[in-house]
Amino acid sequence: MSVCLSVGMTVASLTACVQNTATPSNTEVEESTETVEGSGAENSEKIDYLVLVNKTNELPDNWEKTVKTVKITNSIGDDVEVEEKAYEAYLKLKEELEKENIYVDLDSARRNVADQQRIMDDFTKSYGADYAAKTVAAPGYSEHHTGLALDLYLIIDGKDITENEDMIQYTDIWEKIHEKLPKYGFILRYIEDKEYITGYGYEPWHIRYVDNPDIAKEIMSKGITLEEYLGKASSDKPEIDLGNSKVFTKEELEAAALQVKCAFAGFSCTLKSLRYGGDECNSKENIDYVNSLEEGANYTRVIEIFTDFHTPKEGTVVFDPDKDMKDYQWLLVETENDGWQIVAQGY
């Protein structure tokens with residue numbers, strides 16, 4: 001075994017850095033403000049518009065009984081459920097965008113915990129528990145449960161642009177949309193280079209309603225996440241060193257590092273540094289080793305990444321509290337044209 005695998009490894013199923021996939025829709029939207037049955041509309045109790053739901057913070061217990069929602073029907077007959085004030089703000093945002101010939105539509109918003117559990121169960125049944133854990137947000141830990149997270153898609157020259165890889169190319173349009181978000185109490189939720197905090201890659205279409213335009217403006221102007229604004233994450237930037245590989249391109253190393261950063265968000269720790277382990281890890285011996293970890297695996301390449309981080313003072317389960325962790329190892333593998341995935345982590 002070569003040096004990069006000389007330490008003990010813990011095989012783990014980790015949530016991958018998976019982006020939401022938009023569903024197709026047509027250009028015209030028929031909207032109704034019918035309150036969703038069972039949404040809690042009869043309850044006068046107020047909700048917290050700064051609620052934090054992420055990979056380590058669960059949806060509050062009474063949320064689904066308290067939140068008031070409306071259901072709109074989009075152009076292809078799909079229902080989209082949204083928290084009522086977030087929807088009102090979205091309509092104002094949409095109206096202003098259309099004055100500048102920018103057209104958007106709602107792809108998805110609220111998804112209740114029961115639906116998320118059914119998705120998890122279906123993926124587990126079809127693909128196994130490992131795959132499900134890597135690709136589906138754990139029930140109770142998706143921001144979409146709140147009804148405050150809205151996924152948009154673009155309509156350009158009468159054509160629906162719904163696929164992530166297509167939408168992300170329209171950088172100028174997204175910039176104009178993002179500039180207007182704070183005015184209506186929205187923020188861009190998953191921003192670039194903050195994956196180690198949010199657990200998700202850059203999603204220009206995923207906006208989050210926080211209700212207060214002043215708070216939204218502060219978050220957007222500072223380029224911070226909701227976690228940072230609430231004091232739940234450090235704003236100190238980690239040191240990233242991907243080296244000068246002769247085996248992997250810069251883009252390939254960045255893609256592998258992105259997976260690690262997204263998985264790291266589930267630690268509730270402060271990332272200090274992330275660095276590439278070196279080309280020597282991608283040896284035949286190590287490839288044979290990672291293939292031995294999973295029956296029927298046919299991985300063709302392997303990357304090693306190290307992280308240094310500090311554990312939180314309270315709530316740590318896996319690690320000792322308030323401790324500096326050095327050279328924490330991540331092992332990622334890839335089959336040809338299939339993307340990187342984490343197969344092992346630890347010392």
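What follows is calculated from the coordinates using simple rules that are stated; it is not laboratory data. Worth saying up front: this structure is predicted, and the values here are computed from it rather than measured. When we count neighbours, we look across all protein chains shown, and the Cβ atoms used for this are built from the backbone with ideal geometry, even at glycine.
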Once both label points are put 7 Å beyond Cα along the C-beta direction, the S292-A129 separation in nm becomes 2.4 nm
Order these peptides, 326-333, 182-189, 111-118, by their mean beta-carbon neighbour count within 10 angstrom, highest first.
182-189, 326-333, 111-118
Along region 189-194, Karplus-curve 3J(HN,Hα) (6.51, -1.76, 1.60; θ = phi - 60°) to the nearest Hz, with x for Gly and Pro, reads 7, 10, 8, 5, 6, 10
Applying the gyration tensor rule to the Cα atoms of region 30-229 (axes a ≥ b ≥ c; rounded if a/c under 1.5, else prolate if a/b exceeds b/c, else oblate), the class is rounded
Total charge of the residues flanking I303 in space, meaning their Cβ is under 10 Å from its Cβ, with Lys and Arg +1 and Asp and Glu -1, is -3
Going by the alpha-carbon gyration tensor, a ≥ b ≥ c the square roots of its eigenvalues, is region 236-346 rounded (a/c under 1.5) or, if a/c is not under 1.5, prolate (a/b greater than b/c) versus oblate?
prolate
How would you order 200-209, 76-85 from highest to lowest mean count of nearby Cβ atoms within 10 Å?
200-209, 76-85
Using θ = phi - 60° and the Karplus relation 6.51 cos²θ - 1.76 cosθ + 1.60, list the HN-Hα couplings for region 216-228 in order, rounded to whole Hz, with x at every Gly or Pro.
4, 5, 4, 4, 5, 5, 8, x, 10, 8, 4, 4, 5
Would you tally the net charge around Q116, using a Cβ to Cβ cut-off of less than 14 Å, leaving Q116 out, and scoring K and R as +1, D and E as -1?
-3
Simple spin-label model, 7 Å along Cα-to-Cβ: L230 to K323 in nm?
2.7 nm
When Lys and Arg each count +1 and Asp and Glu each count -1, what net charge do the other residues less than 15 Å away from D279, Cβ to Cβ, add up to?
-1
If amide hydrogens are placed 1.01 Å from N in the peptide plane, which non-local residues have theirs closer than 5 Å to the one on M325?
F309, H310, T311
